[in-house]
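Here's the structure, in structure tokens; my notes come after.
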Amino acid sequence: MGAGAAGVRDFRPVRRPTRHRAAVAAVLAGALAALAPAAAAAPRAANAGLRAPDRADWRALLGWSAACEGPYRVTFPDGGPNAGLAFWPFGAGRLLVQVQCASGAYQGISTLYLVDRSRTPARARGLALTVYEAPGAALRRSRARLVNGAIEPDPSTGRLQLFTRFRGLGDCGVLATYALRGGRFVPQEVRAKLACDGRPPYDPARWPRHPLSPQPVTASRRGRRRRARRSADRPPAARGAPPAPSR
């Protein structure tokens with residue numbers, strides 16, 4: 001499929017024979033029907049009791065990368081809790097899907113999809129977030145599909161928070177808040193504490209605000225999009241972000 005808004009590509013399903021794709025579509029329809037009431041009853045996350053075969057079906061539909069699936073299989077060879085999937089209703093007919101890619105001692109790596117249930121068959125789009133990293137003494141902005149940190153969606157406000165700790169103590173890191181606009185999450189606020197000094201505040205909501213565009217972008221728009229697409233599917237550690245520690 002072609003490029004989506006702001007350089008975010010629509011999802012690309014894993015290629016399967018036609019019969020298999022039809023079977024996956026049927027599985028998706030049943031899964032969404034089962035998830036809808038559960039998601040309404042528990043907006044924070046709908047646990048549908050999914051298992052490893054269900055994850056395979058969802059991957060066939062959504063098509064997340066091997067950079068996500070490989071580490072997950074190493075960590076959870078039996079499929080893991082709820083197959084590493086979480087679901088939130090997000091607006092009329094839309095479902096936010098969080099796919100866990102890797103787990104760590106205090107935070108993991110995930111990728112997100114927005115499923116439009118109002119269409120027949122249902123359609124999904126892989127989401128890239130503008131993330132804020134601190135490889136040195138200042139924040140750096142980039143686009144990523146694989147995001148490092150704790151994701152907290154709030155369907156009641158249409159917002160999502162990403163809290164990335166630089167270390168387990170939680171005395172430093174980045175708290176980014178996004179709002180769903182036109183099928184993508186747009187940054188609304190960034191708070192960060194860059195000094196890992198063991199000193200308060202430990203509540204990221206009290207950390208200093210930082211500009212949404214922490215550094216000027218001088219490259220051409222086309223060049224920025226090309227680089228974003230190349231790096232979006234790379235694990236955060238490969239892009240220089242603080243990696244989630246091993247278990």
Residue 116 paired with residue 137, simple spin-label distance in nm, labels 7 Å along Cα-to-beta-carbon | 4.7
Taking only Cα atoms of segment 55-145, radius of gyration then Dmax in Å = 14.7, 49
Vicinal HN-Hα couplings computed from phi for segment 107-123 (Karplus, 6.51 cos²θ - 1.76 cosθ + 1.60; Hz; Gly/Pro x) | 6, x, 10, 9, 9, 10, 9, 10, 9, 9, 7, 7, 9, 10, x, 4, 10
Once amide H atoms are placed 1.01 Å from N in the peptide plane, what residues at a sequence separation of 5 or more from residue 154, or on another chain, have their amide H within under 5 Å of its amide H?
-> 159, 160, 161
Going residue by residue through segment 151-156, the Karplus relation 6.51 cos²θ - 1.76 cosθ + 1.60 with θ = phi - 60° gives ³J(HN,Hα) values, rounded to whole Hz and with x marking Gly or Pro, of 9, 10, x, 10, x, 5
Estimated distance in nm for a label pair at residue 196 and residue 52, the labels positioned 7 Å out from Cα along Cα-to-Cβ | 3.4
When 75, 164 are ordered from fewest to most other Cβ atoms inside 10 Å of their Cβ, what list results?
-> 75, 164
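Just the Kirkwood number for segment 100-152, please: inverse of mean 1/r across all distinct Cα pairs, in Å, one decimal.
One over the average 1/r among Cα pairs gives 12.9 Å for segment 100-152.
FYI, it's all coordinate maths here, none of it is from the lab. On a predicted model such as this, the values are computed, not experimentally measured, just so you know. Every residue, glycine as well, gets a Cβ built from its backbone with ideal geometry; the counts of neighbours run over all protein chains shown.
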